[in-house]
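No lab work stands behind these numbers, since they all come straight from the coordinates. Treat the numbers as computed from the prediction; the structure is a model and nothing was measured. Backbone-built Cβ (ideal geometry, glycine too); neighbour counts: all protein chains shown.
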Amino acid sequence: MLKLHNTLTGKTEEFEPLEKGKVRFYSCGPTVYDYFHIGNARPFIVFDGLRRYLEFKGYEVEFTQNVTDLDDKIINRAEEEGIEPNALARKYADAYFEDLNRLGVREADNKSRVTEYIPDIIEHVEALVEKGYGYEVDGDVYFRVKEFDEYGKLSGRSVDDLKSGSRVEVDERKEDPLDFALWKSSDPEEPGWDSPWGRGRPGWHIECSVMAQQTLGETIDIHAGGQDLIFPHHENEIAQSEARTGEQFSRYWVHNGLLRYEGDKMSKSLGNFEYARNVLDDFGKETVRYFYFSTHYRKPLNFSEKNLSDAESAVKKVYEFFNTVDEIETQETGGQTPNTEEGKEFSRFIESAESRFVEEVDKDFNTPGGLGVIFDLVNEGNKFREKSSGGDLFLLKKAKDTIRKLASPLGLFQGGGEDTLRGLEEEFLELLLNVRNELRDDQHWELADRIRSELKEIGVVIKDREEGTRWKIDTDKL
Ligand SMILES: [Zn+2]
């Protein structure tokens, strides 16, 4: 049985959805004012994996993720770029879905954009005001934290601790420093909608409460996001949702650990970060996904060239095993039941792999444990290949099929390893590129360009950079 660490209780609990067999799952999405970076990518990939794993275990999953397409960051960035905020948001929302697709992250069942939920948001804020949880000051509406007794239950801190421990901005107009905006008035040049409090726009937190409940119901099963969102964002989501309905908002709160960049805290202002799309260009989808799944999702994870290269080697190892198996398939591989003692033993080992995999991953989505089971199969498969005299080699194909099945919830090892082309093909390509560079040195531009465009047609993109020519496989072409 799957166990998940629930931030709300601080315990690892058996997962049981409200409705048998069905999981209502919400995960906080991006604010689309820029391309997303590798730190943002962690929850996208981790919770894509959790969603698929729940399906692997037989649940029907309905998954909602919001897109914040209206926010102060968007307004400010649009002003810098000299375009309309909605044009900027559209541009980066498109880029977001493009990058998700390249990462192999399945799109949500409900892709909710804030700007499509304004009437619902206004209605929710009105209900809170009516119940005494919200109050208006000059066109802004705030949530009255002291009215919600359970405030602080997610972050596990008292209201007094929260007040002294966090930097809460002092605003004379608020009754209490912890009160937060549900609705903000808009200046004439800012985006805004008519509301009972005048022209304005939603505060940041309210959108998630409204979109989660509109698409999934008043009580959902899993709410996910990064640990950096626990306070104040998720604490506020709980307050706004439960104050209105009187019901529990989410039964399980699941948070991923944060990504560090070469050992430091990631920071855009320090230039200490990398866009996910650039990392994808250099390493490809499978290596990037493997990198995130090779560490437990709640632990901190360190992004470095070395860690990505290690992930790349691990992925290649599996595809090399697949290649070995494929070579055997064309030969006579024996029957369907093992004849040798070694074969019988290996067969049992393969058959027990799924239960070992599930046992590992059921422990709070322990993907490194699950990958360990997969690598045991690869290692034992390689050993079996060495020592088996031939009759039972069909078992290797069975091992390969099992690996593919078990890795499917992680979105790994389903292809032919195109991302991580290696071996003879790679050497051929290097050879061809060297010839092309010599042609360029001798100013045979036409021939050099023809090599480039013909490679592009078969899915190999090359880039001439100062440090040399680099190439990558355009997997969309394959
Ligand atoms: Zn959220």
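Neighbouring Cβ atoms within 10 Å as the yardstick, rank PHE283, PHE63 fewest first.
Lowest to highest Cβ neighbour count: PHE283, PHE63.
Taking the chain as the reference, fit the longest principal axis to its C-alpha atoms, fit the long axis of helix 445-457 to the helix C-alpha atoms, and give the angle between the two in degrees, 0 to 90, nearest 10.
70 degrees
If neighbour count is taken as other Cβ atoms inside 10 Å, put LEU406, LEU432 in order from fewest to most.
Lowest to highest Cβ neighbour count: LEU432, LEU406.
Nearest 500 deg cm²/dmol is fine: what mean residue ellipticity at 222 nm does the chain get from its DSSP H runs of n ≥ 4 alone, each adding -39,500 (n - 2.57), divided by its residue count?
Only helices count here, giving -14500 deg cm²/dmol.
If you plug each phi of region 41-47 into the Karplus form 6.51 cos²θ - 1.76 cosθ + 1.60 with θ = phi - 60°, what whole-Hz ³J(HN,Hα) values come out, in order, with x for Gly and Pro?
So the J values, rounded to whole Hz, are 5, 4, x, 4, 6, 4, 7.
Check TYR261: other-chain or 5+ apart residues with amide H under 5 Å from its amide H, H built from backbone geometry?
Residues meeting the amide H criterion: MET266, PHE303.
Going by the alpha-carbon gyration tensor, a ≥ b ≥ c the square roots of its eigenvalues, is region 252-295 rounded (a/c under 1.5) or, if a/c is not under 1.5, prolate (a/b greater than b/c) versus oblate?
oblate
Taking 0.36 nm per residue of sequence separation and subtracting the Cα-Cα distance, how much length would be gained by fully extending the chain between GLU354 and SER453, in nm to one decimal?
Value of the extension gain: 31.2 nm.
Taking the Cα atoms only, what angle lies between the long axis of helix 72-81 and the longest principal axis of the chain, rounded to 10 degrees?
Helix 72-81 sits at roughly 70 degrees to that axis.
Among ASP69, ASP161, ASP34, what is the fewest-to-most ranking by other Cβ atoms within 10 Å?
Fewest to most other Cβ atoms nearby, the residues stand as ASP161, ASP34, ASP69.
From the square roots a ≥ b ≥ c of the eigenvalues of the alpha-carbon gyration tensor of region 423-477, which class results: rounded (a/c under 1.5), prolate (a/b over b/c), or oblate?
prolate
For LYS400, go through the lysines and keep the ones whose alpha-carbon is under 17 Å away, minus same-chain ones fewer than eight residues off.
The qualifying lysines are LYS316, LYS317, LYS344, LYS383.
When only Cα pairs under 8 Å and 6 or more residues apart are kept, what is the percent relative contact order across region 3-265?
In percent, rounded to a whole number, it is 23.
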